[in-house]
Amino acid sequence: MSVLDEIDMRLLGVLQTDARRTLEELAREVPLSPSAIARRLRRLRKSGVIAAEVALLDLSSGPSLSAIVEVKLERHALRDVEALLGRLAAHPSVAVLLEVSGAFDLLLMVVTACMDAFNAFTDEELASDPGEARYETRFVKKRRKFSMAAPILTSGLLSTNGAKDRSA
């Protein structure tokens, strides 16, 4: 993927607020025709710049418990770490899994229906793992902002050749 131009970045910004917009609605915010927007969207999807289009759920509409869990690993043997990461990534309660620097090695956002389900998750996935030394949990009291929108940084979306893509 070549460098994104200003229209690509504007289109991506609009899509991150609501990806359900029609081509005609997008054309009212991005100075292109609906057909040119469709071509750009195909290119952005094919190149992987748009990795997925998903629905963000309003968790206040039903019972749920969200927790931020910091995990400190006992051992850093690649096989043990990869096994743990694979299990956590596959677990439906793990909404976010990040490898981080600092006092802890992993940062998770875990969403369950209730405290009993959260305790079952930690007992099965964290407390029983011999490669994990300890974990600390912080429970989410209120969501003040919850978005998966990323800042549009052109330096992070450069191709190896650095050429600008001028196509629509």
Inset, instruction - Find all pairs meeting these conditions: Cβ atoms under 8 angstrom apart; at least six residues apart or on different chains; first residue within the range 88-100 and modelled with pLDDT of 95 or more; second residue in a loop (DSSP other than H, G, I, E, B). - result: GLU99/ASP105
Inset, instruction - Could you look through the range 111-138, keep only residues that are exposed (fewer than 15 other Cβ atoms within 10 Å of the Cβ) and free of Cβ contacts under 8 Å to residues at least 40 places away in the same chain, and pick out the one that is farthest from ARG75 (Cα to Cα)? - result: ASP116
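Let's see how each residue does on (1) surrounded by 15 or more Cβ atoms within 10 Å (Cβ to Cβ); (2) aliphatic (A, V, I, L, M); (3) in the same structural domain as GLU124 (by TED's automatic domain parsing); (4) not in a helix (DSSP H, G or I):
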{"position": "GLY13", "(1), (2), (3), (4)": "yes, no, no, no"}
{"position": "ARG42", "(1), (2), (3), (4)": "no, no, no, no"}
{"position": "LYS72", "(1), (2), (3), (4)": "no, no, yes, yes"}
{"position": "LEU84", "(1), (2), (3), (4)": "yes, yes, yes, no"}
Legend entry - Odd one out for ALA103, checked against (1) exposed (fewer than 10 other Cβ atoms within 10 Å of the Cβ); (2) not in a loop (DSSP other than H, G, I, E, B): (2)
Inset, instruction - Working carefully through the options SER47, SER33, SER60, SER66, find the one that is at pLDDT 90 or above and under 30 Å from PHE118 (Cβ atoms). - result: SER66
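The values are calculated or read from the model by the stated rules, or taken from the named source; none is laboratory data. Just so it is clear, the model here is predicted, and its values are computed rather than measured. When we count neighbours, we look across all protein chains shown, and the Cβ atoms used for this are built from the backbone with ideal geometry, even at glycine.
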